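Shown next, in structure tokens, is the structure this report addresses.
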Amino acid sequence: MASAVADVPALVTIEQRDTRTRYLDVFIRGEAFSILRINVNYGVRFFDGVVGPTSLGPLGRYSFSWTDARIETEGGWRVRVDLNRDYEEMRSLYHNDYYPEYYNGFANPVCDGLGLFDLEIDLLIGSEDWNPPGSVFDPNVLAQPGILTNVENGFGLVTGGYDESRSLIPSTDALGETGFFDYMDGRTPAILSSELCGGSF
């Protein structure tokens, strides 16, 4: 008769390290765990620097996978999130979702673009049994019997896990290195007073 025991790992800690560049280093630390999913979730609104502060568009929410970017470190994992990588794709998605008739898109990237309102990392934490060969979830490898198994007298994986998330707050310096306008924690983008955008706000 087949039997197995499923262990749920202890709660992990999530630490954000702000490099003051467009990269955010996030460390996930704990004991005897693996990471099955890493998503970075954004809340953004379009800003038109010509019209001014009242021109903020609707709130759009977008999620990007960073699971394949995780690197195993002592005591856990690290993921380095490139905010500009996600920004470039998000700009196009937002334009198509809310302003498809605006054929110029964001005509002036200095004054027109996405304001960042909230940012979150979302994880699916599993037991260490979930760690595949080479830490890569390759379906061709995982299809082989016995690759991921903890079942006695049989094949299969019985395991446990949980969702964990944390808000991330890049510094003003960090967002200044990206395409985002800084609206996090009520901060106001310095570009609003810039002569490049009319200087009248």
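The values are calculated or read from the model by the stated rules, or taken from the named source; none is laboratory data. Every value quoted in this text rests on a predicted model; they were computed, and no experiment measured them. Note that we place each Cβ from the backbone using ideal geometry, even for glycine, and neighbour counts take in every protein chain shown.
Kindly indicate the residue of region 25-56 that is surrounded by fewer than 16 Cβ atoms within 10 Å (Cβ to Cβ), among the small types (Gly, Ala, Ser) and more than 14 Å from Glu128 (Cα to Cα) and also modelled with the lowest pLDDT among those meeting that condition. Out of the qualifying residues, it is Gly52. Exactly one residue out of Arg37, Arg45, Arg78, Arg29 is in contact with a Gly (Cβ under 8 Å, 6 or more places away or on another chain) and farther than 20 Å from Leu175 by Cα, and it is Arg29. Within region 20-46, residues that are in contact (Cβ under 8 Å) with a residue 12 or more places away in the chain and closer than 19 Å to Gly161 by Cβ have Cβ atoms under 7 Å from residues that are among the hydroxyl-bearing types (Ser, Thr, Tyr) and not in a strand (DSSP E or B) in these pairs: Arg37/Thr67; Ile38/Thr67, counting only partners at least 6 apart in sequence or on another chain.
Number of residues in region 177-195 that are surrounded by fewer than 17 Cβ atoms within 10 Å (Cβ to Cβ) and modelled with pLDDT under 75: the value is 4. In region 12-24, of all residues being in contact with a strand residue (DSSP E or B) (Cβ under 7 Å, 6 or more places away or on another chain) and in a loop (DSSP other than H, G, I, E, B), the one that is farthest from Glu128 (Cα to Cα) corresponds to Arg22.
Restricting attention to region 67-86 and to residues that are out of contact with any Asp or Glu (no Cβ under 9 Å at 6 or more places or on another chain) and of a type in the set (A, V, I, L, M, F, W, C), the residue that is surrounded by the most Cβ atoms within 10 Å (Cβ to Cβ) turns out to be Trp77. Within region 62-79, the set of residues being of a type outside the set (S, T, N, Q) and under 24 Å from Arg45 (Cα atoms) comprises Tyr62, Phe64, Trp66.
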